[in-house]
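Q: Mind looking over this structure? Questions follow.
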Amino acid sequence: MTDRPSTTKGRRPRTRLRRRVSGAIALALALGTVGVAYATVAAAATPKAQVASNAPSEDPVEIRKGRQLFEQGCITCHGRNLQGVQDRGPSLIGVGEAAVYFQVATGRMPVARQEAQVERKEPYYDEAETLQIAAYVQSVGGGAEIPTGNLRGSDENLAEGGELFRLNCASCHNFAGRGGALSAGKYAPPMDQANDLTIWTAMLTGPQNMPVFGDNQLTEEQKQAITNYVQTLKEQGDPGGAPIGRMGPVPEGLVAWVVGIGAIMLMILWIGAKS
Amino acid sequence: MSQTTSERRPTPTRRNTGPVGKAADWADERYTGSGLTRRALNKVFPDNWSFMMGEIALYSFVILLLTGVYLSFFYDPSMTEVRYNGSYELLRGVEMSRAYDSTLDISFDVRGGLLMRQIHHWAALLFVAAMTVHMLRVFFTGAFRKPRELTWLLGVTLLTLGIVEGFAGYSLPDDLLSGTGLRIAHAIMLSIPVVGTWVAYAIFGAEFPGTDIIPRLYIAHVLLIPGLILAIITVHVGLVVKQKHTQFPGPGRQENNVVGERMYPSYGAKGGGFFFLVFGVMAALGGLVQINPIWLYGPYNPAHVSAGSQPDWYIGFLDGSTRLFPAWEIRLWDYTISPLVWPCVVLPGIMFTLLALYPFIEARLTKDRALHNLLQRPRDVPVRTSLGAMALTFYTVLLISGGNDIIAAKFDISLNAMTWAGRIGLIALPPIAYVLTYTICLGLQRHDRQILEHGVETGIIKRLPSGEFIEVHQPLGPVDDHGHSALEYAGAAVPKRMNRLTHPGRKAKGFLWKVQDPDEVQDRSGTEAALEAGLETNERRELAGRPKDPEL
């Protein structure tokens, strides 16, 4: 490709401007294609964070509304006085509003059936109703309160949050918060959909198989750091390409065999068919 | 040697013109390599799609060497404690080893570093996978039989070295995952009866983790094991050249010849092109699919562990055996035999010993002492094929069990159910695989013989004057009065569909445009001429109003 204009076959010489323009268009097209493809992949992995509007009040009206909701939806298993019902549901006295928030806002309560573990589903109550039930339960037995204020702290705590996460959380929730199996059908759920308040209330109340991380185990600053780390990790892109679940070597091995060896086998068959 | 050279090539420069020819003459005048080169270029390789699997492993190894050299420019195998201060925000300020620090730098701050790391890792997974697939091909076609037992042994050695090499590489970044892997390797060493403690101390140099293991693994990973692998590959491939490649039985193919393509131009072009295809797959994986994201794992700390800490797939079967094996701890007075020793030391020991010795075991059992250059179709040796299927099933159950927690979490299955399914499957499935494979082999054999006797189904249904309906069959050779042909099965593939018979030779199809007009292509195959003779007989029979296959 010399700069000298070619004179063969009467074609117009490609000027420098034309080369620049066509080069720019090609580059823009290529970048655009990659960008759109990447955005499609990346969008699926970042859930929208939601933040609780406010903590449940001690307003008697709210508490009464919460009681009504409780008596419609929860009383069958948790009993008239929150004392629990044998073989159906535990006592809620002293669990606190934080536990109610975690269980109801993530859709775990009301539960469809008794299983090894209650799974997350679409919430049955909206945010206001959830807080009303929480206020009622809190008014009866007290307990862990829904945290308010800054739940993440400042970004200086990210590295510390990572260390704390790996020490306290990764052994069940996996290094990237993608969850893992526990014994006999129980599991540590993936934290994909968890918002800041869900993470906090989970640490405070230790739902299902999770231990309680009270303020003696993890201080408020440490909880902020962990929450900040988890949420930042979730929002962060994957510089290496498709994350294939951020689940470690098992999906990697699967891709190596199915995609890698699979593609090469197809090529071998293609070459074999040609010769 | 020099005498013959001067006789053969009196004026070499006159024969060869052009830069390549001149360069070749320049070298030949001095080093007399033309005879060797001629032999190499004229070397004939038999052609079959399944013969290219070993090449995948070879090309992966080349790619591993190339990318590995690049990584070694930037990796620092040191356990010195440093404080991270690179581009990755979530780890800034964290204390870590220099090894992990430099791997993070490769991933985030070295130009092209992450791509190289990812290609290197994908190529490592594919290297062992390709060796496995190649080994299966060699096993199921009987290519390991006399005179190629040594090639098989070297292959098993390469597979083992590849696994060790892979594990050493997996351990180098000193991240949480690889540290957990090393911890388990350390525990396995400790479990060896009597010498375990000494072995572990000899390798680690101190109590776990110590500061010696990463530099030692590094030297093993970049010098010792690759050197060994390279040397053994040379002998392995050299033996294939010396003893010539095996081939499937077929027209003109015999024990004492090799039918195929010459190294130059066709086979060389094919192999060269294939290298770039393999390289393309690995580059695409390295560029598009994230592998071993060490920044997510964090630095190794013996107090930390992540759920789903798995080894790379080639160690997965050991993880699986450990998960499935009951925790039997044997106490003999004041001495304990660790439960780890059975699934992690004894079992792989038995598996690899059986694998290495299989050619000798088979020769002993079949009393077959003959030289074999022709391959066998798996169906023709049902016992071996079924044994292979059995071993493969056993291995696959172990491999799946190695990831059973991930499967349990992703598919909502109880982990305990997965473990028990693995335990039962490990014992129950291999015999089932044996019986099924044996049955399938016999069925395929019968089908081959049926077609040789009765011909290929044409899909034409004919009604006889008597009212009976028959399907017209196309015999593969001359037929007797009953429409049966007396073709012997010779170990070669039997055509089973009409369009395998009637196609007018093979036309060269282009990728984008037509290279050859199908009408211009002459029928090349010797069998097809024979088939045509059969067709004529058939047509005569048909004209005479006789059914072709009264049996059906």
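The values are calculated or read from the model by the stated rules, or taken from the named source; none is laboratory data. None of the values given here were measured: they were computed from a predicted structure. Ideal geometry is used to build each Cβ from the backbone, glycine not excepted, and the neighbour counts take in all protein chains shown. Accessible surface areas use protein heavy atoms only, side chains included; no ligands, DNA or RNA. Shrake-Rupley method; radii C 1.70, N 1.55, O 1.52, S 1.80 Å.
Q: In this structure, is B:Thr246 open to solvent by less than 30 Å² (accessible area, probe 1.4 Å), under 19 Å from B:His134 (Cβ atoms) and not hydrophobic (A, V, I, L, M, F, W, C)?
A: yes
Q: In segment B:411-456, how many residues are assigned to a helix (DSSP H, G or I), closer than 30 Å to B:His482 by Cβ, in contact with a strand residue (DSSP E or B) (Cβ under 8 Å, 6 or more places away or on another chain) and of a type in the set (A, V, I, L, M)?
A: 1
Q: When you go through B:Gly227, B:Gly142, B:Gly210 one by one, which is the residue that is assigned to a loop (DSSP other than H, G, I, E, B) and surrounded by fewer than 20 Cβ atoms within 10 Å (Cβ to Cβ)?
A: That would be B:Gly210, the only listed residue that is assigned to a loop (DSSP other than H, G, I, E, B) and surrounded by fewer than 20 Cβ atoms within 10 Å (Cβ to Cβ).
Q: Can you name every one of the helices (runs of 4 or more DSSP H) wholly within segment A:99-191 that holds 2 or more residues which are among the charged types (D, E, K, R)?
A: Answer list for segment A:99-191: A:127-141, A:158-168.
The rows are residues; the columns are (1) in contact with a helix residue (DSSP H, G or I) (Cβ under 7 Å, 6 or more places away or on another chain); (2) within 21 Å of B:Ile56 (Cβ to Cβ); (3) in the same structural domain as B:Leu228 (by the TED database).
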| position | (1), (2), (3) |
| --- | --- |
| B:Ala129 | yes, yes, yes |
| B:Phe144 | yes, yes, yes |
| B:Leu159 | yes, yes, yes |
| B:Glu165 | yes, yes, yes |
| B:Gly179 | no, no, yes |
| B:Arg183 | no, no, yes |
| B:Pro193 | yes, no, yes |
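Q: Any residue at all in segment B:291-300 that's hydroxyl-bearing (Ser, Thr, Tyr) and within 14 Å of chain A (Cβ to nearest Cβ)?
A: Yes - at least one qualifying residue is present in segment B:291-300.
Q: Let me ask something else. Give the number of residues within segment B:1-48 that are modelled with pLDDT of 80 or more and surrounded by fewer than 16 Cβ atoms within 10 Å (Cβ to Cβ).
A: The number of residues fulfilling the criteria is 19.
Q: Considering segment B:457-485 alone, what residues qualify as being of a type in the set (Gly, Ala, Ser), part of a loop (DSSP other than H, G, I, E, B), touching a residue at least 12 places away in the same chain (Cβ under 8 Å) and out of contact with any Asp or Glu (no Cβ under 7 Å at 6 or more places or on another chain)?
A: B:Gly477 - this is the single residue of segment B:457-485 that is of a type in the set (Gly, Ala, Ser), part of a loop (DSSP other than H, G, I, E, B), touching a residue at least 12 places away in the same chain (Cβ under 8 Å) and out of contact with any Asp or Glu (no Cβ under 7 Å at 6 or more places or on another chain).
Q: Let me ask something additional. Which residue, of B:Ala185, B:Ala220, B:Ala202, is open to solvent by 40 Å² or more (accessible area, probe 1.4 Å) and in a helix (DSSP H, G or I)?
A: B:Ala202
Q: Turning to a different aspect of this structure: If A:Thr227 passes every condition in (1) touching a residue at least 40 places away in the same chain (Cβ under 8 Å); (2) within 12 Å of another protein chain (Cβ to nearest Cβ); (3) of a type in the set (Val, Ile, Thr) but one, which one does it miss?
A: (2)
Q: Still on this structure, please answer the following. Tell me yes or no: at least one residue of segment B:335-349 is in contact (Cβ under 8 Å) with a residue 12 or more places away in the chain, of a type in the set (Gly, Ala, Ser), out of contact with any Asp or Glu (no Cβ under 8 Å at 6 or more places or on another chain) and outside any helix (DSSP H, G or I).
A: no
Q: Something else: Report yes if B:Leu172 is buried (at least 20 other Cβ atoms within 10 Å of the Cβ) and within 27 Å of the chain's Cα centre (by Cα), otherwise no.
A: Answer is yes for this residue.
Q: Can you name the condition, by its number, that B:Leu239 falls short on among (1) over 17 Å from B:His121 (Cα atoms); (2) away from every other protein chain (no Cβ under 14 Å); (3) open to solvent by 40 Å² or more (accessible area, probe 1.4 Å)?
A: Result: B:Leu239 fails condition (3) only.
Q: For segment A:175-222, name all the residues that are away from chain B (no Cβ under 14 Å), open to solvent by 50 Å² or more (accessible area, probe 1.4 Å) and either over 23 Å from B:Leu91 (Cα atoms) or polar (S, T, N, Q) (or both).
A: A:Gln193, A:Gln208, A:Pro211, A:Val212, A:Asp215, A:Asn216, A:Gln217, A:Thr219
Q: Can you name the number of the only condition in (1) away from every other protein chain (no Cβ under 12 Å); (2) over 17 Å from B:Leu296 (Cβ atoms); (3) touching a Lys or Arg at 6+ places or on another chain (Cβ under 8 Å) that B:Thr103 fails?
A: Tallying (1) away from every other protein chain (no Cβ under 12 Å); (2) over 17 Å from B:Leu296 (Cβ atoms); (3) touching a Lys or Arg at 6+ places or on another chain (Cβ under 8 Å), B:Thr103 fails exactly one: (2).
Q: I've got another one for you. Return the residue satisfying two criteria in turn: it lies in segment A:233-246 and is open to solvent by 30 Å² or more (accessible area, probe 1.4 Å) and at the interface with another protein chain (Cβ under 7 Å from one of its Cβ atoms), and of such residues it is nearest to B:Val94 (Cα to Cα).
A: A:Pro239
Q: So, one more: Considering only residues of segment B:421-438 that are farther than 16 Å from B:Pro343 by Cβ and either among the small types (Gly, Ala, Ser) or within 11 Å of chain A (Cβ to nearest Cβ) (or both), which is surrounded by the fewest Cβ atoms within 10 Å (Cβ to Cβ)?
A: The selected residue is B:Ala428.
Q: Separate question: Within segment B:42-90, work out how many residues are at the interface with chain A (Cβ under 10 Å from one of its Cβ atoms), in a helix (DSSP H, G or I) and not aromatic (Phe, Trp, Tyr).
A: 8
Q: Oh, and also: Starting from residues that are in contact (Cβ under 8 Å) with a residue 24 or more places away in the chain and among the polar types (S, T, N, Q), keep the ones in segment B:168-211 and report whichever is farthest from B:Leu296 (Cα to Cα).
A: B:Ser191
Q: Can you name the residue in segment A:91-127 that is hydrophobic (A, V, I, L, M, F, W, C) and free of Cβ contacts under 8 Å to residues at least 40 places away in the same chain and, of all such residues, is surrounded by the fewest Cβ atoms within 10 Å (Cβ to Cβ)?
A: A:Ala112
Q: Is it true that some residue in segment A:248-262 is under 24 Å from the mean Cα position of the chain (by Cα), more than 8 Å from every other protein chain (Cβ to nearest Cβ), of a type outside the set (Asp, Glu) and crowded, with 21+ Cβ neighbours inside 10 Å?
A: no
Q: Would a scan of segment B:250-264 turn up a residue that is within 30 Å of A:Glu252 (Cα to Cα), in contact with a Lys or Arg (Cβ under 9 Å, 6 or more places away or on another chain), open to solvent by less than 70 Å² (accessible area, probe 1.4 Å) and facing chain A (nearest Cβ under 9 Å)?
A: Checked against the condition, which is being within 30 Å of A:Glu252 (Cα to Cα), in contact with a Lys or Arg (Cβ under 9 Å, 6 or more places away or on another chain), open to solvent by less than 70 Å² (accessible area, probe 1.4 Å) and facing chain A (nearest Cβ under 9 Å), segment B:250-264 yields no hits at all.
Q: Could you please let me know if B:Gly238 is at pLDDT 90 or above and of a type outside the set (Val, Ile, Thr)?
A: So B:Gly238 fits the description; yes.
Results for (1) closer than 30 Å to B:Leu104 by Cβ; (2) at pLDDT 95 or above; (3) open to solvent by less than 70 Å² (accessible area, probe 1.4 Å); (4) in contact with a helix residue (DSSP H, G or I) (Cβ under 9 Å, 6 or more places away or on another chain), shown as yes or no for each residue.
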{"site": "B:Gly272", "(1), (2), (3), (4)": "no, no, yes, no"}
{"site": "B:Leu285", "(1), (2), (3), (4)": "yes, yes, yes, yes"}
{"site": "B:Trp328", "(1), (2), (3), (4)": "no, no, no, yes"}
{"site": "B:Trp342", "(1), (2), (3), (4)": "no, no, no, yes"}
{"site": "B:Met351", "(1), (2), (3), (4)": "no, yes, yes, yes"}
{"site": "B:Ala356", "(1), (2), (3), (4)": "no, yes, yes, yes"}
{"site": "B:Ala370", "(1), (2), (3), (4)": "no, no, yes, no"}
